[in-house]
């Protein structure tokens, strides 16, 4: 896909005429005669071409005075894959907006995290997306408000503040403007509920049942298999067909249960503070790589005759990622040169000793993963690992704790790699697995990984790191997805959906 698809009018028209859901989230269609905006797959009869304009974001449509379609609900479409495949300023800013930074820290906080002035950030977002950071955050608040209105019985005042609005009046005005319905009308129009949450939904107001959309196809085996097989006891578990884990969030903590379904991911969220809803959803989507464009990825990988049979056998593999970048970096160090079981044991000991306890009446989750600050206080002598790896661990958590190393959704991938490589005990494998699974670089590659080299030999690909890297140049910018297909040739539990 090319950046700025909304500017290619003929391509957008073809997508709308074919009602192709693969393009949902890539662009939005605004209809001049009705004043509404839709996703490309909207089921209504397509408007005349002269009555359609195309925009890069829902916020841009709202800025132009259009309201969301009540049939296709464009506010619930998957996010644009652009923001997860790019590392430029706009992509990094969009990842932070999705993580709720503008609501918590304002535009100055967003700019400070990116290392640019507020004027530069606003100018670049406006140029590419047709909306600045405040408008983008407003659109996200409206989407969160709708979610709370339709899935909880919270009073509207509570919905307003949980969604991030500064006042009930602003909340009411925004919902009416975006959805052409008042908040109470949105709740009352749900026919299956008669305006009320059904008895089968959780009774506590801080527990929500959500549907997380994705672009098809999605192959869940290695995605959930990897998360479950490497799960840290007390923090993560597989229970009743769902991957469950604890979440450390800006205002409190949460527990999420994620269940693979044919057309969505079932998401059950329990939060101690509903203001964390937006960021919790964003982090779960990132962990499951739900905004990926699997068609573009698989089409590129199929051009290699050795990879094509793997892709055809199980298209739509995703990269299993994380909800906490610093946590994953620590776990990557704990897993250096040991088995999956040993890595889980090391992590579980740290969790029990230094993690914050949580209550989980529905399962076996007991703690939040320890913060870098807590881990920086660990006595190195208590770590059951070689001295050199102790040094690697203590150096990493020390840099994370004092802020000299920051790993987050806004990280510049090249700079983060360079800073990690400068730490003792960090070689290319550790840095690349962090880039792939924590930072989200879709082109991260592990040519020295033993599983990758073994798969390469079996498939007739070059197996030496240098030769395999040269061959993999044709897979760019999707080498992290090629890693998933190569890993899946093994019989390791990470490749299979738990039963």
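Flag: residue 150 matches the condition of being more than 19 Å from residue 59 (Cα to Cα) and either within 16 Å of the chain's Cα centre (by Cα) or assigned to a helix (DSSP H, G or I) (or both).
Residue 331 satisfies every condition listed in (1) in a loop (DSSP other than H, G, I, E, B); (2) within 26 Å of the chain's Cα centre (by Cα) except (1). Quick one: how many residues across region 153-167 are farther than 13 Å from residue 188 by Cα and assigned to a helix (DSSP H, G or I)? The qualifying residues number 6. A Cβ distance below 9 Å, combined with a sequence gap of six or more or placement on separate chains, defines the contacts here; from region 363-379, residues that are within 10 Å of residue 248 (Cα to Cα) reach residues that are in a loop (DSSP other than H, G, I, E, B) and at pLDDT below 95 in the pairs 370/378. Would you mind stating whether residue 393 is assigned to a loop (DSSP other than H, G, I, E, B), modelled with pLDDT of 95 or more and either in the same structural domain as residue 112 (by TED's automatic domain parsing) or farther than 30 Å from residue 312 by Cα (or both)? Answer is no for this residue.
Is at least one residue of region 461-481 at pLDDT below 95, crowded, with 18+ Cβ neighbours inside 10 Å and under 25 Å from the mean Cα position of the chain (by Cα)? Within region 461-481, not a single residue is at pLDDT below 95, crowded, with 18+ Cβ neighbours inside 10 Å and under 25 Å from the mean Cα position of the chain (by Cα).
Against the conditions (1) at pLDDT 95 or above; (2) surrounded by 17 or more Cβ atoms within 10 Å (Cβ to Cβ); (3) within 16 Å of residue 327 (Cα to Cα), residue 408 satisfies every one except (1). All told, residue 274 falls short of being at pLDDT 95 or above and crowded, with 23+ Cβ neighbours inside 10 Å. Kindly indicate whether residue 405 is under 23 Å from residue 283 (Cα atoms), assigned to a loop (DSSP other than H, G, I, E, B) and in contact (Cβ under 8 Å) with a residue 12 or more places away in the chain. Yes; evaluated as a whole, the condition is true for this residue.
Does region 100-107 contain at least one residue that is within 23 Å of residue 292 (Cα to Cα) and modelled with pLDDT of 90 or more? Yes, there is a match, as at least one residue in region 100-107 is within 23 Å of residue 292 (Cα to Cα) and modelled with pLDDT of 90 or more.
Report whether or not residue 256 is in a loop (DSSP other than H, G, I, E, B) and in contact with a helix residue (DSSP H, G or I) (Cβ under 9 Å, 6 or more places away or on another chain). Spelling it out, it is not the case that residue 256 is in a loop (DSSP other than H, G, I, E, B) and in contact with a helix residue (DSSP H, G or I) (Cβ under 9 Å, 6 or more places away or on another chain). Within the option set 106, 100, being free of Cβ contacts under 8 Å to residues at least 60 places away in the same chain, on the phi > 0 side of the Ramachandran plot and either surrounded by fewer than 17 Cβ atoms within 10 Å (Cβ to Cβ) or not assigned by TED's automatic domain parsing to the domain that holds residue 35 (or both) holds for one residue only, 106. Going by what's in this entry, would residue 351 be described as in contact with a strand residue (DSSP E or B) (Cβ under 6 Å, 6 or more places away or on another chain), on the phi < 0 side of the Ramachandran plot and in a helix (DSSP H, G or I)? For residue 351, the condition - in contact with a strand residue (DSSP E or B) (Cβ under 6 Å, 6 or more places away or on another chain), on the phi < 0 side of the Ramachandran plot and in a helix (DSSP H, G or I) - is met.
The values are calculated or read from the model by the stated rules, or taken from the named source; none is laboratory data. This one's a predicted model, so the numbers in the text were calculated from it and none came from an experiment. Virtual Cβ from ideal backbone geometry, glycine too; neighbours counted across all protein chains shown.
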